[in-house]
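Beneath this line is the structure, given in structure tokens, with notes to follow.
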């Protein structure tokens, strides 16, 4: 009796597929759900990038949540400035169209002398308005649609020409960099203030006026960050023990922020400890020459290009399905989206 032979060699089923070390860092983009492998990778990431401790007095803020907060604040500020400019332009157009006939009628009816005695126009009144008591708009009033209005006079205030060099008005968060001054000048998050941790050891006046203004204020928070949570956790614990209840620490620091948002949020050159290591065997690592580190710019606001980059990396990290809040689209008409 002859034995029935199978077609093909059964050793092919047990043979291992050769792996190229050049592509070991490439991962599948197909989401197959929860698995033990993903759970172990998540634990390893937490141990590598975060320093969780039991009974932490401070609260943590994820870098993705911080990015969403930055986009919302920047978009609201830009909308307020655009509305103010449009209203001023409309008033100027109306005033220029009606200035000449009104001047002749006023000279004839009033019987007064030269046109220089005319009453000031609304635009001239805005330009020459003195410093009086007026109710400024807050973030809540901007959200409700009031904008940058003078409620007492009912006129739009003209935006200052150098507003881009100043922090956002009525910003709901105060961002503090607790590293030393040299590290801050080399690299920091846009809009952050330098507040070295050694300042907390002062006996007299350890806090600036901005910190005292934001301390336990309704609708405002204080955010601390550093490179890898070493200094920020100590500073956050000390400040919470001194009565700060609205204090948050940026979870992961600049190290995690640079991994999830390589561009847009940071100005300057990242330190070597925060730079993401290139995969082994990468041609980019061999070919790219060393670039001297650039100092951080004196930058307080995000440009439209920065906001587009932040939105892009935020969508890459979360995905469209994980972003139910609907981040405001800041891309102008005709802009080709960077999302594949």
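For the stretch 264-288, give me each residue that is modelled with pLDDT of 60 or more, surrounded by 13 or more Cβ atoms within 10 Å (Cβ to Cβ) and either over 20 Å from the mean Cα position of the chain (by Cα) or in a loop (DSSP other than H, G, I, E, B) (or both). If you could, list the steps in order and put the result at the bottom.
Here is the first cut: in the stretch 264-288, the ones modelled with pLDDT of 60 or more are 264-277.
Add one more test, that the residue is surrounded by 13 or more Cβ atoms within 10 Å (Cβ to Cβ), and what stays is 264-271, 274-275.
Selection gives 264, 265, 269, 270, 271, 274, 275.
Could you check the stretch 162-226 for strands (runs of 3 or more DSSP E) lying wholly inside it with 3 or more residues that are closer than 21 Å to residue 60 by Cβ and touching a strand residue (DSSP E or B) at 6+ places or on another chain (Cβ under 6 Å)?
Details: elements: 173-177, 187-189, 221-225.
Those strands (runs of 3 or more DSSP E) span 173-177, 221-225.
Checking the structure you have, find out if any residue of the stretch 246-257 is in contact (Cβ under 8 Å) with a residue 60 or more places away in the chain, surrounded by 21 or more Cβ atoms within 10 Å (Cβ to Cβ) and assigned to a loop (DSSP other than H, G, I, E, B).
Taking every residue of the stretch 246-257 in turn, at least one turns out to be in contact (Cβ under 8 Å) with a residue 60 or more places away in the chain, surrounded by 21 or more Cβ atoms within 10 Å (Cβ to Cβ) and assigned to a loop (DSSP other than H, G, I, E, B).
Which condition does residue 45 not pass, out of (1) surrounded by 10 or more Cβ atoms within 10 Å (Cβ to Cβ); (2) touching a residue at least 60 places away in the same chain (Cβ under 8 Å), if it passes all the others?
So the condition that residue 45 fails would be (2).
Here is a check on your reading of the model: is residue 199 modelled with pLDDT under 90 and over 24 Å from residue 264 (Cβ atoms)? Give the derivation first.
Working: modelled with pLDDT under 90: no; over 24 Å from residue 264 (Cβ atoms): yes.
Judged against the criteria, residue 199 is not a match.
Scan the stretch 11-28 for residues that are free of Cβ contacts under 8 Å to residues at least 60 places away in the same chain, in a helix (DSSP H, G or I) and farther than 29 Å from residue 318 by Cβ and jot them down.
If the condition is that a residue be free of Cβ contacts under 8 Å to residues at least 60 places away in the same chain, in a helix (DSSP H, G or I) and farther than 29 Å from residue 318 by Cβ, then 11, 12, 13, 14 are the ones that fit.
If a residue has to be farther than 17 Å from residue 317 by Cα and either outside any loop (DSSP other than H, G, I, E, B) or in contact with a strand residue (DSSP E or B) (Cβ under 7 Å, 6 or more places away or on another chain) (or both) to count, how many in the stretch 29-44 make the cut?
Result for the stretch 29-44: 6.
Do we have any residue at all in the stretch 141-152 that's modelled with pLDDT under 70, part of a strand (DSSP E or B), surrounded by 19 or more Cβ atoms within 10 Å (Cβ to Cβ) and out of contact with any helix residue (DSSP H, G or I) (no Cβ under 8 Å at 6 or more places or on another chain)? Full working, then the answer.
Filtering the stretch 141-152 down to residues modelled with pLDDT under 70 leaves 141-152.
Pick out the ones that are also part of a strand (DSSP E or B) and you get 149-150.
Restricting the remaining residues to those that are surrounded by 19 or more Cβ atoms within 10 Å (Cβ to Cβ) gives 149.
Retained after the next criterion (residues that are out of contact with any helix residue (DSSP H, G or I) (no Cβ under 8 Å at 6 or more places or on another chain)): 149.
Yes, there is a match, as at least one residue in the stretch 141-152 is modelled with pLDDT under 70, part of a strand (DSSP E or B), surrounded by 19 or more Cβ atoms within 10 Å (Cβ to Cβ) and out of contact with any helix residue (DSSP H, G or I) (no Cβ under 8 Å at 6 or more places or on another chain).
The values are calculated or read from the model by the stated rules, or taken from the named source; none is laboratory data. Everything numeric in this text was worked out from a predicted model, so none of it was measured. Quick reminder, even Gly has a Cβ in these numbers, built from the backbone with ideal geometry, and neighbours come from all protein chains shown.
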